[in-house]
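Let me begin by presenting the structure, written as structure tokens, before commenting on it.
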Amino acid sequence: MQAKTATGRSQDNVAQAPERNGIDKGAEGERQLNDWFSRHLLPYVAICQAPGSFAPLFRGAVKRPDFLMLVEGVGLLAIDAKNKKCSHGFTLELETELKKAVAFERLFRLPLWYAFSDCDAGMDGWYRISALKAVEVGMTRTATDSKLAFLAIELKHFEHIRIPADLAKLYTHRAGRYERLRDLGG
């Protein structure tokens, strides 16, 4: 039996095969953020993640955000929910994640923010960082198994959002230096 998540992905009610765990974990993060937006009566749109619902442009080089959120006085922000454990910070893949996020920002002129759940720590909140700031402050590392480059980002660079009033932190959140943006090309 399958149930649809808030973002349109199917979620089996039976145990998942190991290769699907990453997808299910991501869908769970999207569901948690959707619930958080709803509980706090925030204006947002959950974007259907079904592959056929996007133009071919999104299938390779451009990030597909999970949500669009309206922040009064600021405008729309694209949000990508992440459901990862925190170990003094978080990681984001460089090629498969961050370069695509910057391409999204460039094409759509909408800032893209990552929202990492802190629900494992027993709190109802999110650690947020803009894609551009992640590029600026992240330390480049290489995965030992896949040899893929990723950025390790210390927790001090994130804004911790627990209640809607905390969203004001996003307005003052700025990338420190722009030299590393050139490295992404485009």
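For a quick check of understanding: with a 1.4 angstrom probe and all protein chains in place, what accessible area in square angstrom does Ile153 have, to the nearest ten?
Rounded to the nearest 10, the figure is 0 Å².
Using a Cα-Cα cut-off of under 17 Å, which lysines could be cross-linked to Lys63, ignoring same-chain neighbours fewer than 8 residues away?
Lys82, Lys99, Lys100, Lys133
Between Lys84 and residues 5 or more places away or on another chain, which pairs have amide H atoms under 5 Å apart, with H built 1.01 Å from N, and which residues are they?
Distant-sequence amide H within range of Lys84: Ser117.
Stretched out fully, how many nm does the piece from Tyr171 to Phe54 gain, at 0.36 nm a residue minus the Cα gap?
39.2 nm
For the range 27-97, state which GluC sites (Glu not before Pro) are in a DSSP loop and have at most 12 other beta carbons lying within 10 Å of their beta carbon.
In loop regions of the range 27-97 (DSSP not H, G, I, E or B), the sparsely surrounded GluC sites (Glu not before Pro) are Glu72.
So which lysines pass the test for Lys84, namely a Cα distance under 16 Å, with those fewer than 8 places away in the same chain ruled out?
Candidates past the 8-residue exclusion: Lys25.
Based on the alpha-carbon set only, what is the convex hull volume of the range 56-158 divided per residue, in Å³? Kindly include the intermediate steps, with their values, before the conclusion.
Details: hull volume 11.8 nm³, N = 103.
Cα-based convex hull of the range 56-158, divided per residue, equals 115 Å³.
Whole-Hz ³J(HN,Hα) for each residue in the range 143-154, computed from phi via Karplus 6.51 cos²θ - 1.76 cosθ + 1.60 with θ = phi - 60°, x for glycine and proline: what do you get?
Coupling constants for the range 143-154: 5, 5, 7, 8, 6, 8, 7, 9, 10, 9, 10, 5 Hz.
Roughly speaking, to the nearest percent, how much of the range 70-167's 1.4 Å accessible area is carbon and sulfur?
Using a 1.4 Å probe with all protein chains present, the range 70-167 comes out at 56 percent carbon and sulfur.
Measuring from label point to label point, each 7 Å out along Cα→Cβ, what is the Glu95 to Glu28 span in nm?
2.9
The values are calculated or read from the model by the stated rules, or taken from the named source; none is laboratory data. For clarity, every value in this text was computed on a predicted model and none was experimentally measured. Note that each Cβ is placed from the backbone with ideal geometry, even for glycine, and that neighbours are counted across all protein chains shown. The accessibility values were calculated without ligands, DNA or RNA, using every heavy atom of the protein model including side chains. Shrake-Rupley method; radii C 1.70, N 1.55, O 1.52, S 1.80 Å.
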